[in-house]
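Heads up, the thing below is written out as structure tokens.
The values are calculated or read from the model by the stated rules, or taken from the named source; none is laboratory data. Just so we're clear, the structure is a prediction, and the values are computed from it rather than from any experiment. Please note: Cβ atoms are built from the backbone with ideal geometry, for glycine as well, and neighbour counts cover all protein chains shown.
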Amino acid sequence: MVVAEILALVIVGVFVIKNKNSLGWWLLLLGGGLNLGERLFFGKVTDYWPIFSTGIYNNINDHLIFIGLIVVIWEKWKKSK
């Protein structure tokens, strides 16, 4: 799992280097990096925020990744117009 996270961060890092002004890619890198840090230091990623009344929990890192993805999609859509 850690190897896959590192590989994903390297790939996102390449996109950050290519798109330095893209907030979305930076958020993806930050959220993924924080998840990797938790996994390396604590052995797991702790999910502590409930998502409405679903019984599903996540953490701020997951929110950063989700928001980053939305921003990247929005930026790509905006560029294509």
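Data table
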read-out: Residue tally, condition basic (Lys, Arg) and either in a helix (DSSP H, G or I) or in contact with a strand residue (DSSP E or B) (Cβ under 8 Å, 6 or more places away or on another chain) (or both), over segment 15-28; value: 1
read-out: Test: residue in segment 29-41 that is surrounded by fewer than 11 Cβ atoms within 10 Å (Cβ to Cβ) and in a helix (DSSP H, G or I); value: yes
read-out: Any hit, segment 5-19, residues being touching a residue at least 24 places away in the same chain (Cβ under 8 Å) and among the β-branched types (Val, Ile, Thr); value: yes
read-out: Of the criteria (1) within 24 Å of Val3 (Cβ to Cβ); (2) buried (at least 17 other Cβ atoms within 10 Å of the Cβ), which one Ser22 fails; value: (1)
read-out: Residues of segment 52-66 classified as surrounded by 12 or more Cβ atoms within 10 Å (Cβ to Cβ) and not in a helix (DSSP H, G or I), total; value: 3
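Residue-wise test of (1) charged (D, E, K, R); (2) at pLDDT below 90; (3) under 29 Å from Lys79 (Cα atoms).
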position: Val10; (1), (2), (3): no, no, yes
position: Val14; (1), (2), (3): no, no, yes
position: Lys20; (1), (2), (3): yes, yes, yes
position: Trp25; (1), (2), (3): no, no, yes
position: Leu29; (1), (2), (3): no, no, yes
position: Gly33; (1), (2), (3): no, no, yes
position: Phe41; (1), (2), (3): no, no, no
